[in-house]
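Scroll down for the structure; my scribbles are underneath it.
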Amino acid sequence: MSIKSLDHDFSPYTPVEAVPQIVQETRDLFRANQKDLHTDSKRFLQQRLNKLRDLYYAINDHEDEIIAALKSDFNRSPAETLMMEVGFLKAEILYIIDNLHKWVRPKSNKDMPLLYKSASCSTTYAPLGSVLVIAPFNFPLLLSVSPLVGAIAAGNTVVLKPSELTPHFADVLINIIDRAFGSGAQALVRVVHGGIPETTAVLDQKFDKILYTGNPIVAKIVSRKAAEHLTPVILELGGKSPAIITENNTVADLKVIARRICWAKFSNSGQICVTVDYVAIHKSLHKEFVDILTQVLAEEFFPNLTAEDETFTHMIHDRGFDRLVKTITSSSGDVVFGGKRFEKESRFIEPTVIDNVDFNDSTMVEENFGPVLPIIEYDDLPTIVDKIVASHDEPLASYIFSQKNADVQYIMANLRSGGTVVNDTVLHVGLYTAPFGGVGGSGHGSYHGYRSFVAFSHERTTMRHGLWADALWGSRYPKNSGNVWQRKLFDATLVWKPWFGRTGNVSGMSWLYYIFGGLMGLFSTIYYAYKGKTTSKKLRI
């Protein structure tokens, strides 16, 4: 593949004083669209589908530039960019385009008490308004555009704040957005480019929803700013995601396990919010695993790795480089692979494995977010799970390598995490048909595919009730509040009777109870409705 040259000046930052106007224009455009399209749902849907199509082809036509930009920003390998960003993103866009016509349909609420059968009820999905997406550097295409796609699919306008730490890519992204959505006041998506001042300015504005991906420190700032406008927020953070290897694996299993952990840990140089942060392995497999892991790294992954190697990503900035070098050199564990080559000019840190660490080690203080893998030995599964829970907030992911379902269930019941993968790593993030999100310290809210559409929609309950139904609902009026027959009608058709006693275990309702209760409610409705009609003149309903 030929990679196009990116020799040009970077796009200027958005003037801080222009940010309020940009945001207001997105809000005005949303309202104008609602007025224009509210009576034509087919045209509104078609507008969204067409814009998603335009975005798909804009990404497709800029693949070379995307690859070259990320290579320039932090030596990202083309293979990683194509698979982990471009491939997953294009697949998700196509999935949403294929299914959006089904998602936008009102969903009928058929599970209603008998009294409510006089009405119809449905849930409609209305766009929220203007949405802010703040994206990080580590996957700047996927984590910018994936939530944006969901917001556009739901009918919103979007302000996108890409990371300033990948300036080459930011230039390409701005071109992609302009190609797909146009520019100026009539563009559904506007980009605010810049650093802290520009981000602060955009957070001062009112939005209808914010999605932030990044670290907990900034997440708290985003949450405080959002709270000033009562704006809901989706937070996708990170944490120390463990890989727990239980004793019921065989030595033959360890090579596959080692490969899968190495791929997760050292792809993107470990700068992945859901990567394996450390390994906790049972003592019976510890030595064999370390031997196999180092062999896999030396022979399969990095046999002749140098700082100039195009297959290995570098650290994004000097601050991250210095932090991780200090973490590695301060460790009290045993370096069994790497740990020697640190090249400040290119921000290259070689893949490093540190064995025999404990929870007080420098590698276990915070999320490593780089190419270092600590290994902890444990004796007892409940004890190591308790230590993991006590040492850190809930991680964004947990990885369980076990051939015993009871161990898997124990870990999942006692270790909360945003997502869990059994016998593999990271793959769940690319599954756009499933929700992706954190819990506790790793964030809240979820998106991807259908969940993105729902996340950026307001689920509006819509009920339609005929004017004829006061024979059934007459007891709500003050003049009829003491009427016996209408009280009985209310009780028979709305208020359930318990099918369980005051003690003992509660079980599900028997199907016979459903049938009996339904028939009694139906007969009661007919009887009391008829009786109500015969006395309606007297009651003046």
quick note, the chain, DSSP beta bridge pairs, % antiparallel (nearest 5) is 35
The set of residues whose placed amide H lies less than 5 Å from the amide H of THR420, leaving out same-chain residues fewer than 5 positions away, is SER398
Listed by chain and number, the aspartates and glutamates with an alpha carbon less than 19 angstrom from that of LYS90, same-chain partners under 8 positions apart left out, are ASP54, ASP61, GLU63, ASP64, GLU65, GLU80, ASP98, ASP178
Once phi for every residue in segment 388-396 is put through the Karplus expression 6.51 cos²θ - 1.76 cosθ + 1.60 (θ = phi - 60°), the whole-Hz ³J(HN,Hα) values, with Gly and Pro written as x, are 4, 5, 6, 7, 8, 5, 4, x, 6
To the nearest 10 degrees, the tilt of helix 142-153 (Cα long axis) against the first principal axis of the alpha carbons of the chain is 20
Summing +1 per Lys or Arg and -1 per Asp or Glu among the other residues with Cβ less than 14 Å from LEU415's Cβ gives -2
Here segment 435-443 yields Karplus 3J(HN,Hα) values (6.51, -1.76, 1.60; θ = phi - 60°; whole Hz; Gly and Pro given as x) of x, 10, x, x, 8, x, x, 9, x
Among (1) 70, 65, 49; (2) 77, 62, 43; (3) 94, 62, 39, the value of Cα extents along the principal axes in Å computed for this structure carries the label (3)
Residue-normalised 222 nm signal for the chain, counting each DSSP H run of n ≥ 4 as -39,500 (n - 2.57), nearest 500 deg cm²/dmol, is -13000 deg cm²/dmol
Projecting the Cα atoms of SER402, TYR477, SER457 onto the charge dipole of the chain, where Lys and Arg contribute +1 and Asp and Glu -1 at Cβ, the residue farthest towards the positive end is TYR477
Rounded to the nearest 5, the percent of DSSP beta bridges in segment 242-431 running antiparallel is 20
For LYS117, the lysines lying under 29 Å Cα to Cα, once residues fewer than eight places off in the same chain are dropped, come out as LYS102, LYS107, LYS479, LYS488, LYS497, LYS531, LYS533, LYS537, LYS538
Taking Cα atoms only, helix 286-296 is inclined relative to the longest principal axis of the chain by an angle, in degrees rounded to 10, of 70
Here, ASP322 and ALA413, labelled 7 Å along Cα→Cβ, have an inter-label distance in nm of 4.8
Reduced to Cα centres, the span from segment 229-266 to segment 279-328 in Å works out to 15
So, over other residues within a Cβ distance under 12 Å of ILE97, counting Lys, Arg +1 and Asp, Glu -1, the net charge is +2
The extension gain from LEU467 to ASN248, computed as 0.36 nm times the residue separation minus the Cα-Cα distance, is 72.2 nm
Between the modelled labels at ARG487 and GLN403 (7 Å from Cα along Cα→Cβ) the distance in nm is 6.9
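For GLU299 and THR311 in one chain, what is 0.36 nm times their gap in residues minus the Cα-Cα distance, to one decimal in nm? All intermediate terms of the calculation are to be shown ahead of the outcome.
Numbers: separation 12, 0.36 × 12 = 4.32 nm, distance 1.49 nm.
Full-extension gain reported as 2.8 nm.
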Residues whose modelled amide H sits under 5 Å from the amide H of LEU141, counting only those 5 or more places away in sequence or on another chain, are none
Length gained if THR124 through LYS42 is fully extended, taking 0.36 nm per residue and subtracting the Cα-Cα distance, is 28.1 nm
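If exposed means no more than 14 neighbouring beta carbons inside 10 Å and the site is in a DSSP loop, what's the longest run of the chain without any exposed trypsin sites (Lys or Arg not before Pro)? Walk me through the numbers before you get to the answer.
Working: sites that count: LYS4, LYS110, LYS283, LYS340, ARG341, LYS344, LYS404, ARG502, ARG540.
The answer is 111-282.
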Expressed in angstrom and rounded, the centroid-to-centroid distance over alpha carbons for segment 32-64 and segment 139-190 is 14
Taking Cα atoms, the helix 405-414 axis meets the longest principal axis of the chain at an angle in degrees (rounded to 10) of 80
In debye to the nearest 20, the charge dipole size for the chain, taken about the Cα centre with +1 at each Lys and Arg Cβ and -1 at each Asp and Glu Cβ, equals 4800
Karplus-derived 3J(HN,Hα) from phi for segment 415-426 (6.51 cos²θ - 1.76 cosθ + 1.60, θ = phi - 60°), whole Hz, x at Gly and Pro, runs 10, 7, 7, x, x, 9, 10, 9, 6, 6, 9, 6
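Taken together, the values in this text are just the output of simple stated rules run on the coordinates, not laboratory data. Please read all numbers here as calculations on a predicted model, not as lab measurements. Don't worry about glycine lacking a Cβ; one is built from the backbone with ideal geometry, like all the others, and counts go over all protein chains shown.
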